[in-house]
């Protein structure tokens, strides 16, 4: 029986019955350890990539559309509406429940609920940190137009497409507006009002106002 007392140094060599030295054993063990380290490093890399992908998917699930739109403000986009019409221009505002597109001649207010498809949005997202701005919705924008007595073109969604009315907003409720229909170009006067339409927000497709400046 062969007894070996091995001291793991560079200067000591012990030879077994096959004539193999400790350096040969060290080479095999070094190769094994290096291979194991490589496998662990690769496993760590894959685990990190998986964690990053899972976090990205989780963030995407919680990401609202308005954040994507807000990151695209200043860019040209196309908005295809459920009523069949489309709007092309520069996205100038993205609020809590509506956006504004400048098509060169008009500013077009579009509720998010009226849009069927957006073209031109980037992959980035921007959250609104101001609680005041987060609270500003469609009703606030419509009240601003009513206060200015702006002449508008209001498109409402119908069963067979959109219907467009020209007029001035008389007042805005919590979920509806009163539109006084007038002849385009005429000021809103009692004698010039053909009719007053009460329009639910849910029926609004878009509201066009003349571009200022």
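The values are calculated or read from the model by the stated rules, or taken from the named source; none is laboratory data. Worth saying up front: this structure is predicted, and the values here are computed from it rather than measured. FYI the Cβ positions are ideal-geometry reconstructions off the backbone, even for glycines, and counts take in every protein chain you see.
For segment 127-162, the candidate set comprises residues that are free of Cβ contacts under 8 Å to residues at least 40 places away in the same chain and in contact with a strand residue (DSSP E or B) (Cβ under 7 Å, 6 or more places away or on another chain); within that set, the residue that is surrounded by the fewest Cβ atoms within 10 Å (Cβ to Cβ) is 149.
Given the structure, is residue 62 under 26 Å from residue 109 (Cα atoms), modelled with pLDDT under 75 and under 29 Å from the mean Cα position of the chain (by Cα)? Step through it out loud before you land on a result.
Values: under 26 Å from residue 109 (Cα atoms): yes; modelled with pLDDT under 75: yes; under 29 Å from the mean Cα position of the chain (by Cα): yes.
Yes, satisfied.
With respect to residue 133, determine if the residue is modelled with pLDDT under 95 and either assigned to a strand (DSSP E or B) or on the phi < 0 side of the Ramachandran plot (or both). Judged against the criteria, residue 133 is a match. Scanning segment 79-91 for residues that are in a strand (DSSP E or B) and either at positive phi or within 15 Å of the chain's Cα centre (by Cα) (or both) gives 79, 89, 91.
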